[in-house]
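These notes are about the structure you will find just below.
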Amino acid sequence: MGSYIELLAAKSNRFTGQDGGMVTEILASAMEMGLIDRAVVVGRDENWKPVILQATSVEELKEAAGTKYSFVSVMPELRKAIKSGNVAIVGTPCMVSGARNLQSNLLKYRKNLKLVVGLFCMENFYYDQLAEALKSKGVDDLTKVEKMDIKKGKFIVKIGEEEISFGVKELDDIVPSGCKVCQDFVAVESDVSVGSVGSPDGFSSVIVRTEVAKKIVDYIKEKGYVEFSEANVEVIKKLINYKKKIHPYG
Ligand code: SF4
């Protein structure tokens, strides 16, 4: 779990997202508070190809909401953003570690990285390989896909009223080698980690780790921007242990 101050299950009243819209809520609130003026986030094109962008408004944040399940190179854009203003980044645990590394190497600008939001991550895929695998499952036209999700061991693709789902294990052959030895499920180096595991449907689990994240979450509570429920730490720990088991070092 890494160290943390508070664990919540929450759902934004203002934004929709993959689950509870909490990543967008946290970033938008940090913008409102004047803590950040931009966020390095992963958006997507109409074919679900991930695109890295610097969002400087709530509208741009909303456009980037939702999980894409494919890699995009984040560090070059983050390096540029850190030199331009007060920045937040959202990323998988490996991106979070990369961001912390970059921060410790960019001494002059390190304070500009104000907020690091980590996403729960079991594994990720290269876009071309994922697109091909989805095609073999009957997803011929990615432009029609509304949502992709991984829940309870199933990869789920939503196209209108239709849902195509299959065991995520069937994608084992295209799991990148880095993911196969990665043991960080909850982005332990982030300021705040967000994911669906451990919270009721439609809510996000939020692991508040640092004072800056606590300040944002307190602001969100004060403004009444979210609805709360109870997060189950044991369910999160189960997935942490499962990731360690399926991704042993060496
Ligand atoms: Fe990164 Fe690890 Fe997730 Fe792979 S499994 S995308 S290496 S955090």
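The values are calculated or read from the model by the stated rules, or taken from the named source; none is laboratory data. Keep in mind it's a predicted model, so treat the numbers as computed, not measured. Neighbour counts run over all protein chains shown; Cβ positions are idealised from the backbone, glycine included. Heads up: the accessible areas ignore ligands, DNA and RNA and are worked out on the full protein's heavy atoms, side chains in. Shrake-Rupley method; radii C 1.70, N 1.55, O 1.52, S 1.80 Å.
Taking the conditions (1) under 30 Å from Gly224 (Cα atoms); (2) open to solvent by 20 Å² or more (accessible area, probe 1.4 Å); (3) at pLDDT 90 or above in turn, Ile52 satisfies each one other than (1). Close Cβ contacts (under 6 Å, 6 or more residues apart or on different chains) running from residues in segment 178-192 that are outside the structural domain of Gly91 (by TED's automatic domain parsing) to residues that are aliphatic (A, V, I, L, M) and open to solvent by less than 30 Å² (accessible area, probe 1.4 Å) are absent. Only one of the listed residues (Glu59, Glu46, Glu25, Glu63) is farther than 20 Å from Ala99 by Cβ, in the same structural domain as Lys214 (by TED's automatic domain parsing) and crowded, with 23+ Cβ neighbours inside 10 Å. That residue is Glu25.
Of the helices (runs of 4 or more DSSP H) lying entirely inside segment 124-243, those containing at least 1 residues that are within 16 Å of the ligand (Cβ to nearest atom) span 127-136, 177-180. Of the residues making up segment 74-113, those that are in a loop (DSSP other than H, G, I, E, B), among the hydrophobic types (A, V, I, L, M, F, W, C) and surrounded by 15 or more Cβ atoms within 10 Å (Cβ to Cβ) number 2. Scanning segment 15-41 for residues that are within 13 Å of the chain's Cα centre (by Cα) and either part of a loop (DSSP other than H, G, I, E, B) or basic (Lys, Arg) (or both) yields Gly17, Gln18, Asp19, Gly20, Gly21. Can you name every residue in segment 142-165 that is surrounded by 16 or more Cβ atoms within 10 Å (Cβ to Cβ) and within 15 Å of Ala131 (Cβ to Cβ)? Listed by number, the residues that qualify are Leu142, Val145, Met148, Phe155, Val157, Ile159.
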